[in-house]
Amino acid sequence: NKLNFIAAFNNSRLPITSAQNDIAAAVLDRRRFVLSASPGSGKTTLAPLLIRHLLDEQGSSGRILIAQPRRVAVRSAAKYVASLLEEEPGGAVGWTMRSDRKISAHTRIEFTTTGSLLRRLLADPDLTGVDALLLDEVHERHIDSDLALAFALDIADMRDDLLLGAMSA
């Protein structure tokens, strides 16, 4: 039962849909990219759907991780994206944070806090099973976010197959 990530992206009227070609170019080249757009434009919720679709077309089977500085943002973004796919969190879309996980073996898009991302990077510096890492709200400077970005850049230097994106208002 294959989910149609691109249909959920295309059914939106949010401004991020106009950047579809630019995002696709970055994904297809497996480059590092910065996505800057106004709050409410769909960076957090729609960009992962498009990226998941594009990675699926390339035959990728790993997860997309989206790191957020705040727990409430992680949970609400995951719930919203799951609803776009007409699913409950814990299926194709889920979240991980300290003392709260809602993921499964079927999870393809995983929202996480930057603190949980740091713990994951320390435990598994190669980010096994991850095809893309998106650091959201990078304009909000926090020690966790800055450190996660530094680790992510090191990993991306070693793994040319890892798509690395920074998203900001």
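The values are calculated or read from the model by the stated rules, or taken from the named source; none is laboratory data. If you're wondering where the values come from, they're calculated on a predicted model, not measured in any experiment. All Cβ positions, even for glycine, are placed from backbone atoms using ideal geometry, and neighbour counts span all protein chains on display. These area figures cover heavy atoms from the full protein model, side chains too; ligands, DNA and RNA do not enter into them. Shrake-Rupley method; radii C 1.70, N 1.55, O 1.52, S 1.80 Å.
Side notes on the structure shown:
- Take every pair of alpha-carbon atoms less than 8 Å apart whose residues are at least six positions apart; their mean separation over the length of the stretch 1-129 yields a relative contact order of 22 percent.
- Charge tally in the Cβ shell below 12 Å around Leu163, where Lys, Arg are +1 and Asp, Glu are -1, Leu163 excluded: +2
- Placing unit charges on each Cβ (+1 for Lys and Arg, -1 for Asp and Glu) gives the chain a dipole about its Cα centre, and among Ala82, Ile16, Leu135 the Cα reaching farthest toward its positive end belongs to Ala82.
- Residues of the chain: accessible area per residue with a 1.4 Å probe, Å²: 48 Å²
- Estimated dipole of the stretch 1-95 in Debye, rounded to 20 [Cβ of Lys and Arg +1, of Asp and Glu -1, Cα centre]: 380 debye
- Size of charge dipole - the chain - debye, nearest 20, with Cβ of Lys, Arg +1 and Asp, Glu -1, no other charges: 480 debye
- Excluding the site residues themselves, the longest part of the chain lacking any GluC sites (Glu not before Pro) in a DSSP loop with at most 14 other Cβ atoms within 10 Å is 1-85.
- For Thr112, the residues 5 or more places off, or on other chains, whose built amide H falls under 5 Å of its own are Ile66, Ala67, Gln68, Thr96.
- Cβ-placed point charges (K, R +1; D, E -1), dipole of the stretch 74-169 about Cα centre in debye, nearest 20: 400 debye
- Computed from phi, the 3J(HN,Hα) profile of the stretch 45-59 under the Karplus parametrisation 6.51, -1.76, 1.60 (θ = phi - 60°) reads 9, 9, 4, x, 5, 5, 4, 4, 4, 5, 5, 4, 4, 8, x Hz, with x in place of Gly and Pro.
- Loop sites in the stretch 92-134: trypsin sites (Lys or Arg not before Pro), DSSP, at most 11 other Cβ within 10 Å: Arg98
- Shown for the stretch 1-109: the carbon plus sulfur share of the solvent-accessible area, taken with all protein chains present and a 1.4 angstrom probe, equals 46%.
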